[in-house]
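Student: Before I ask anything, here is the structure I am working with.
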Amino acid sequence: MKLPLSLLALIFALFMGSVYAAPVSADEAALAAEQADPIARFAQSSGEEAVGDLLLQAMSLLGVAYRFGGNSPTSGLDCSGFIKYVFEKSLKVNLPRTSAEMAKVGRAVDRGELVPGDLVFFDTRGFRNSHVGIYLGGNKFIHSPRTGKTVEVANMGQSYWAGRYNGARRVQRGAN
């Protein structure tokens, strides 16, 4: 039995909410407070709500067709068009149009420090940062892959993605 995409997105958002709501020790809470929340700076709502909004918006686009240069779900989205659309709709943040330009926004994040909402970059066309996605957690990211495919969730641990990983960025408020 197939579930509608909107129901899957809701289930995912609820799951992510429960992950953030899990009880933590005092040491873990202090460490978390010291680390900058990548999304809280974007929105007036709490960080968890902003992350949820961002990921829910992204997940709602699962199945949208890839189109090179595309920037609309109705006509298709390329990788950077997908990211730009999601950040504008969910967080009112205007990112640059290309993945290479997006790779200059915010601050670099080590792979071990990735949190949901970070942008992850790959070399899929013979040059650095030619592809971008949104990190979901658990070594997974959502992206618009290539012609003939649709927006999907992929595993960064797969050999294809692991060998092409270029780094990650955490976008700051006011990125225009």
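Student: Give the residue that is surrounded by the most Cβ atoms within 10 Å (Cβ to Cβ), with candidates limited to residues of region 44-58 that are modelled with pLDDT under 90 and of a type in the set (A, V, I, L, M, F, W, C). Steps first, please.
Tutor: Our first condition is that a residue be modelled with pLDDT under 90; within region 44-58, this holds for 44-52.
After this cut, where a residue has to be of a type in the set (A, V, I, L, M, F, W, C) as well, the list is 50-51.
On the way: Ala50: 21, Val51: 28.
Ranking the candidates gives Val51 first.
Student: For region 117-139, what are the residues that are over 15 Å from Gly167 (Cβ atoms) and either small (Gly, Ala, Ser) or at pLDDT below 95 (or both)?
Tutor: Within region 117-139, Gly117, Arg125, Gly126, Gly137, Gly138 qualify.
The values are calculated or read from the model by the stated rules, or taken from the named source; none is laboratory data. Everything quoted here is computed from the prediction, not taken from an experiment. With ideal geometry, Cβ positions are generated from the backbone for all residues, glycine too; neighbour counts draw on all protein chains shown.
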